[in-house]
Amino acid sequence: MEGFNVGEYVNQMALLLDLEIRDEYRDGVVENFERISAIANLVNSFPIPEDIEVAPVFEP
Amino acid sequence: MNDAVSIATAVREGKVSAVEVTKAAIARIAAQDNQLNCFTAVTAETALTDAARIDREIAQGNHPGILAGVPFAVKNLFDITGLTTLAGSKINAENPAASQDATAVAKLKQAGAVLVGALNMDEYAYGFVTENSHYGATHNPHDLQRVAGGSSGGSAAAVAAGLVPLTLGSDTNGSIRVPAALCGVFGLKPTYSRLSRAGVALFSSSFDHIGPFARSVQDIATVFDALQGEDDRDPICTKRPPELVLPQLKQDISDIRIAIAADYFTKGAEPEALAAVQKVADALNITEYVTIPEAHRARAAAFVITASEGANLHLDKLRRQSPPKVSRPQDFDSATRDRFLAGALIPSSWYLQAQRFRKWYRDRVREVFQNVDVILAPTTPISAPLIGQQIMILDGEEILVRPHLGLFTQPLSFIGLPVLSVPIQRQNALPLGVQLIAAPYKEALILRVAAALEVKGVVSAPIV
C-alpha cells in the first residue's frame, strides 16, 4: 500500500476506538499491525467468487 | 499402571483405592512441579474428598464411572468451582472464584475422574510456548531448558512427566497439538463445536476447541466419549448425538484411505519433522500424496481472524475508561497486549474477506476428502526450542520461533477439522508429533489409525 502511513493509521484508529496506546508500547503495536497488514494482503489479494458469503455461524 | 483406563480398572476392582491413587498424584506433583511449573493450583483437599467418595461408592457396590479414581487436571481457562479462572492473566487473578465447573470438568467428574488442579498456559491462550510472564514458563520434561509448547503447555508437560494421566487443554490454532508434539504425548483437537466449551474462557470464538491429552489412544478415546454430547450452556455445541469411538478402536483399518499432505506441509520444516511423517507412512504402507490447496493462505486468514476476534474480547481492558473503572493495558504481558491492540485496529473488510475465504477453503478441502479419509502431516516444524529462543533457521531462512510453531496446525483448525497429534519418540533426541487429520466428525477414523500405529509400536508416550 504505497503512501500508507501505519503509524498514522494506528493513531487515528486508536482514537476512534478509544484505545489506550501509551508511548512506551506504540512501536510494538505499529510493528504488529505492519505484520498483520502483510499477512492480510495474502488473503485480500485472493479472488474469492462473489457468491461466497460470510455465514453468521460457522459450520465445519 | 500409568494410563487412565488401567488405573480406573484397578480402582473399580478394589486393587487400589481412589484415595491412594490421588495421594500418589499429589505427591508426584509436590516432588516434581517446582522444576516443571505445570500447575497454577493444586486442589489437594477437594481431590481427596472426591476420591474418598469414589471409594465409598465402590464399597456400596455402585459403578463409579469409566474413569473411576483417575486423577486429572485442566488448563487454567476451564472454570473450577471455588477457584478463580486465571486464563494465564494477572488481571483475572482479581476475579471472584467460579461458581460452577466448566461442562467438561463436570463430565469427567461424573465419569469418576478426580480433579487435582489447574495448569499453566500462555496468557489468554495467545501463544505456542507457555512462557507466561506472570506465572513463569512451563519446562519440557524431556529437557528442562526447553519449552513445553503452548498454549496448553502445562497440560502436555503434566502428562509427559507422569504427574497425572489425563489433562484437558484448548486449541485455537494448534494449542493442543503443538505442546503434545513437543512433550511427546497424544493430543486431540476434535471437530469444531463437537465438545462443549461452556465455562471455558474464550480466546477466538470461531476457532476455539477443547480436547484431551493422554499417554494412550484408548485414554484419549475414553475421555472424548465422556465429553461428547449436546450442552444447553454452550450455544455453538453441536446438536449431533454422541458417536462413541471407543468401541471402534480395534477395527481393521485396511478400508481407510490414507495419504501424506504434500506441498505446503513438506516445506519449512527440519528434516526430522518430515522423517517422523515418513516413519508413520512407512508403518502404514502409505505412498500416496495429497494437496490441500491454498494452505498458506488459510494460515494467513486464520491469523487475521484470530487477531481480530481475540482483540475484540479484551477491548474493555484496553480502552480508556473513567474512574472507578480503569483500563489495564500495563497489566498484560507486553507481547500479548501489543498483538491485541494491533488486532483491534483491523478493518472489518479484512476480517470479512478472511471469513469468506474460510468458506471457499472449506469447500476445497471437502473435495480433498472425497478421495482420502486420513491425511498425515508434521505437527511442528522443529522439536522443542530452548526457553527464550526467538529465532530458528528453516530452509536457510531466519524466522521467528513463536508464531511458526503453528505453521502446520493453523490451516487445519481454520476449518475446524478433527486432528490427533501422535507422539514419535526418538533415541537421544526430543520427541516430535505427526498430525492425523480427518473430515469433520470423523474422529473415529484418526483414532483407529492411531490405535493401529500404537500396536505396531510406532507411536508411544512413555513417562519421561
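In the condition set (1) assigned to a loop (DSSP other than H, G, I, E, B); (2) under 28 Å from B:P431 (Cβ atoms); (3) of a type outside the set (S, T, Y), B:A281 is compliant with all but (1). Taken over segment B:26-81, the criterion of being farther than 16 Å from B:V164 by Cβ and part of a loop (DSSP other than H, G, I, E, B) is satisfied by B:Q60, B:G61, B:N62, B:H63, B:P64, B:G65, B:I66, B:L77, B:D79. Scanning segment B:48-67 for residues that are among the hydrophobic types (A, V, I, L, M, F, W, C) and more than 23 Å from the chain's Cα centre (by Cα) yields B:L48, B:A51, B:A52, B:I54, B:I58, B:A59. Taken as a whole, the structure leaves B:R240 outside the set of residues that are basic (K, R) and away from every other protein chain (no Cβ under 14 Å). Checked against the criterion of being among the small types (G, A, S) and either more than 9 Å from every other protein chain (Cβ to nearest Cβ) or touching a Phe, Trp or Tyr at 6+ places or on another chain (Cβ under 6 Å) (or both), segment B:287-299 contains one or more residues that satisfy it. Quick check, is B:I292 assigned to a loop (DSSP other than H, G, I, E, B), of a type in the set (A, V, I, L, M, F, W, C) and touching a helix residue (DSSP H, G or I) at 6+ places or on another chain (Cβ under 8 Å)? Here the answer is yes, as B:I292 does meet what is asked. If you go through segment B:82-108 and keep only what is at pLDDT 95 or above and either outside the structural domain of B:D219 (by TED's automatic domain parsing) or not in a loop (DSSP other than H, G, I, E, B) (or both), you end up with B:A98, B:T103, B:A104, B:V105, B:A106, B:K107, B:L108. You will find that of B:S196, B:S204, the residue that is under 27 Å from B:H296 (Cα atoms) and crowded, with 23+ Cβ neighbours inside 10 Å is B:S204 and no other. Scanning segment B:424-439 for residues that are surrounded by fewer than 22 Cβ atoms within 10 Å (Cβ to Cβ) and at pLDDT 95 or above yields B:Q425, B:R426, B:A429, B:L430, B:A439. Put simply, of B:D252, B:D219, B:D232, B:D225 the only residue that is among the acidic types (D, E) and buried (at least 24 other Cβ atoms within 10 Å of the Cβ) is B:D219. B:S89 satisfies every condition listed in (1) over 19 Å from B:V5 (Cβ atoms); (2) touching a strand residue (DSSP E or B) at 6+ places or on another chain (Cβ under 7 Å) except (2).
Would you check if B:A377 is out of contact with any Asp or Glu (no Cβ under 9 Å at 6 or more places or on another chain) and within 30 Å of A:I21 (Cβ to Cβ)? So B:A377 fails the test. Residues in segment B:344-355 that are at the interface with chain A (Cβ under 7 Å from one of its Cβ atoms) and either closer than 18 Å to A:L16 by Cβ or in contact with a Leu (Cβ under 9 Å, 6 or more places away or on another chain) (or both): 4 in all.
Conditions (1) closer than 30 Å to B:A273 by Cα; (2) surrounded by fewer than 20 Cβ atoms within 10 Å (Cβ to Cβ); (3) among the polar types (S, T, N, Q), marked per residue:
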position	(1), (2), (3)
B:R328	no, yes, no
B:T336	yes, no, yes
B:L345	no, no, no
B:A377	yes, no, no
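Exactly one residue among B:S413, B:S421 is surrounded by 24 or more Cβ atoms within 10 Å (Cβ to Cβ), under 25 Å from B:Y289 (Cβ atoms), touching a His at 6+ places or on another chain (Cβ under 8 Å) and in contact (Cβ under 8 Å) with a residue 40 or more places away in the chain, and that residue is B:S413.
The values are calculated or read from the model by the stated rules, or taken from the named source; none is laboratory data. Bear in mind that the values here come from a model prediction, so they are computed numbers and not experimental data. A quick note on method: Cβ atoms are made from the backbone with ideal geometry, for glycine too, and the neighbour counts reach across all protein chains shown.
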